[in-house]
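Novice: Below is the structure I would like to discuss, written out as structure tokens.
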Amino acid sequence: MLITCPYCGPRDVIEFTYQGDGNRERPQPASQNLDAWNAYVYDRLNPAGDHNEIWQHSGGCRAHLRVVRNTITHEILSTEFARGGHKSTDSRAEGRS
Amino acid sequence: MAEQHLPERQSPLEPDYHPGSHGNFEHGVDVILSETRPGSILQLAAWPGEESRLIEIIRKVTGLALPDGAGGGVSSGGSAAFGFAPGKFTVLDEAEGLAQAFADAMTPAIGTLTDLSHGRTTIRIAGPKAEWVMAKFFAIDFALPAFPLGAGRSTNHHDIFAQIQRTGADQFDIYVFRSFARSFWKALCYASEEVGYEVQ
């Protein structure tokens, strides 16, 4: 599996570290909304298809990346620096935070 | 201020650094391995949006004009610079004291300066089979069009993080953590045996 880092270009997956589901919305640190914290920690969409993910190019430029990966084919559909906004790949994630 | 007397730097490669020809060199030596021992190795990082100001500071202090683009770099005489991550650059000089030269120009508003002179070891591999040996270690394209002269790359070999700069058509400088340098050096020597190598 190759991931195209926006800085380094295409690199083997061995250079990258998976940082988790990219659809999570972290509640404000002071939030006492237990449902929101529960959703942040436990709820996962686990789609069979396109999936928003956060990866770090830990064995290269060390940038954090927002990656869309197809969980069935492992095709990497897009990569961009994690800094900045994003859109969910899954309509079920909308309005959940 | 009294003149600083820094302890003489010792090479971590020393117990396994054996000048001379080794391996399968009966038909000629196809790679030359050496340690370049630059006096200063710095890492400069710009805050987001300050990259062009940092590139200008590097040009003023070292005279090196960094080209635009990811991994762009330049190597000239005893000094070199290259980008290794977004907004981050490695700058080196054969003389010590480069950190002091940057200290005034590098204000906190622009970014950070880290002196890695004692933290990295620089290994040079040169010769007609340099690309071949490097390709056994790192899964990146070493061909000249994909990895132009002066350019830098960040990658790793079995968790030993490495920065690589192409300093000649068939020459690469590899920056590895000093504590891993001897292990990496031994692996590089084994990998070079089949083509015949000379340690200088």
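Throughout, read-outs are computed from the coordinates displayed, never taken from laboratory work. Nothing here was measured: the structure is a model prediction, and the numbers come from that model. Reconstructed Cβ throughout: ideal geometry from the backbone, glycine too, with neighbour counts over all protein chains shown.
Novice: Bin by bin, in steps of 5 Å, what percent of the Cα pairs in the stretch B:111-157 do you find, going until the bin that has the longest distance?
Specialist: 4, 14, 22, 27, 13, 12, 6, 1
Novice: Moving to a separate point now. Using Cβ-Cβ distances only, list the Cys residues of the protein assembly as shown with no partner cysteine under 4.7 Å, sorted by number.
Specialist: A:Cys61, B:Cys189 - these cysteines have no disulfide-compatible partner (Cβ-Cβ under 4.7 Å) in the protein assembly as shown.
Novice: Report, please, the projected area of the stretch B:39-116 averaged over directions, based on the convex hull of its C-alpha atoms, in nm².
Specialist: Orientation-averaged projected area of the Cα hull: 4.3 nm².
Novice: While we're on this one: Would you mind giving the average projected area, over all directions, of the Cα convex hull of chain B in nm² with one decimal?
Specialist: Mean projected area of the Cα convex hull: 11.9 nm².
Novice: Then there is this: If the reach is capped at under 18 angstrom between alpha carbons, list the aspartates and glutamates near B:Lys60, excluding any in the same chain fewer than eight residues apart.
Specialist: Of all the aspartates and glutamates, those that pass the test against B:Lys60 - Cα under 18 Å, at least 8 places apart if same chain - are B:Glu50, B:Glu51, B:Asp68, B:Asp93, B:Glu94, B:Glu96, B:Asp104.
Novice: While we're here: Just the number: Rg to Rh for the protein assembly as shown, Cα atoms, Kirkwood Rh, two decimals. Can you show the working numbers first?
Specialist: Values: Rg = 22.3 Å, Rh = 21.4 Å.
Radius of gyration relative to Kirkwood radius: 1.04.
Novice: Another question about this same structure. Convex hull over the Cα atoms of the stretch A:2-85, averaged projected area in nm²? Don't skip to the end; give the middle numbers.
Specialist: Details: hull surface 24.2 nm².
Mean orientational projected area (the stretch A:2-85, Cα hull): 6.0 nm².
Novice: Using Cα pairs closer than 8 Å and at least 6 residues apart in sequence, work out the relative contact order for the stretch B:141-190, in percent.
Specialist: Values: 54 pairs, mean separation 12.5, N = 50.
Relative contact order comes out at 25 percent.
Novice: Any idea how far the Cα center of the stretch B:83-141 sits from the one of the stretch A:19-49, in Å?
Specialist: The distance from the Cα centre of the stretch B:83-141 to that of the stretch A:19-49 comes to 39 Å.
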